[in-house]
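Q: Below: one structure in structure tokens.
The values are calculated or read from the model by the stated rules, or taken from the named source; none is laboratory data. Treat the numbers as computed from the prediction; the structure is a model and nothing was measured. Neighbour counts run over all protein chains shown; Cβ positions are idealised from the backbone, glycine included. Side chains included, ligands, DNA and RNA excluded: accessible areas come from the protein's heavy atoms. Shrake-Rupley method; radii C 1.70, N 1.55, O 1.52, S 1.80 Å.
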Amino acid sequence: MKKVPMRQCVGCHNMVSKREMIRVIKTSDGQIILDATGKKNGRGAYICNSRECLEKAIKSRSLERSLKAAIPSEIYDSLKEELDNIE
Ligand SMILES: [Zn+2]
């Protein structure tokens, strides 16, 4: 059996299967983008497919800390949209 890669969620801090998460990355030129495919290069942060985790991450600013960058509000908006599509 192939082991599923686990990543730590920036919201709940649990280790979760990458497949159940959304990846947010900072590209080499400093842009913050959602990486739906999980294949883009860059420093990545992961968050569960859960509105609760997103709210936690927003409140604690852990996404900012993890990526060492300011997160534009559009990114949070598209994360919310993304989660609404999943749920
Ligand atoms: Zn989580």
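Q: If you scan region 36-54, which residues turn out to be surrounded by fewer than 17 Cβ atoms within 10 Å (Cβ to Cβ), in contact (Cβ under 8 Å) with a residue 12 or more places away in the chain and over 12 Å from the mean Cα position of the chain (by Cα)?
A: 40, 41, 52, listed by residue number.
Q: Which ones in region 8-25 are open to solvent by 20 Å² or more (accessible area, probe 1.4 Å) and under 17 Å from residue 68 (Cβ atoms)?
A: Of everything in region 8-25, those that are open to solvent by 20 Å² or more (accessible area, probe 1.4 Å) and under 17 Å from residue 68 (Cβ atoms) turn out to be 8, 23.
Q: Only residues that are more than 16 Å from the ligand (Cβ to nearest atom) and open to solvent by 100 Å² or more (accessible area, probe 1.4 Å): list them for region 62-73, please.
A: Across region 62-73, the qualifying residue is only 68.
Q: Hey, another quick one. Can you name the number of the only condition in (1) under 10 Å from the mean Cα position of the chain (by Cα); (2) away from the ligand (no atom under 12 Å from the Cβ); (3) part of a helix (DSSP H, G or I) that residue 33 fails?
A: (3)
Q: Read through the list (1) part of a helix (DSSP H, G or I); (2) within 12 Å of the chain's Cα centre (by Cα); (3) within 16 Å of the ligand (Cβ to nearest atom); (4) touching a residue at least 40 places away in the same chain (Cβ under 8 Å), then give the number of the only condition that residue 80 fails.
A: Failed condition: (4).
Q: In this structure, is residue 59 open to solvent by 50 Å² or more (accessible area, probe 1.4 Å), outside any strand (DSSP E or B) and either modelled with pLDDT under 95 or in contact with a Gly (Cβ under 6 Å, 6 or more places away or on another chain) (or both)?
A: no
Q: For region 10-30, enumerate the residues that are more than 10 Å from the ligand (Cβ to nearest atom) and out of contact with any helix residue (DSSP H, G or I) (no Cβ under 7 Å at 6 or more places or on another chain).
A: Matches in region 10-30: 17, 18, 19, 23, 25, 27, 28, 29, 30.
Q: From (1) open to solvent by 30 Å² or more (accessible area, probe 1.4 Å); (2) hydroxyl-bearing (Ser, Thr, Tyr); (3) touching a helix residue (DSSP H, G or I) at 6+ places or on another chain (Cβ under 9 Å), pick out the condition that doesn't hold for residue 76.
A: (1)
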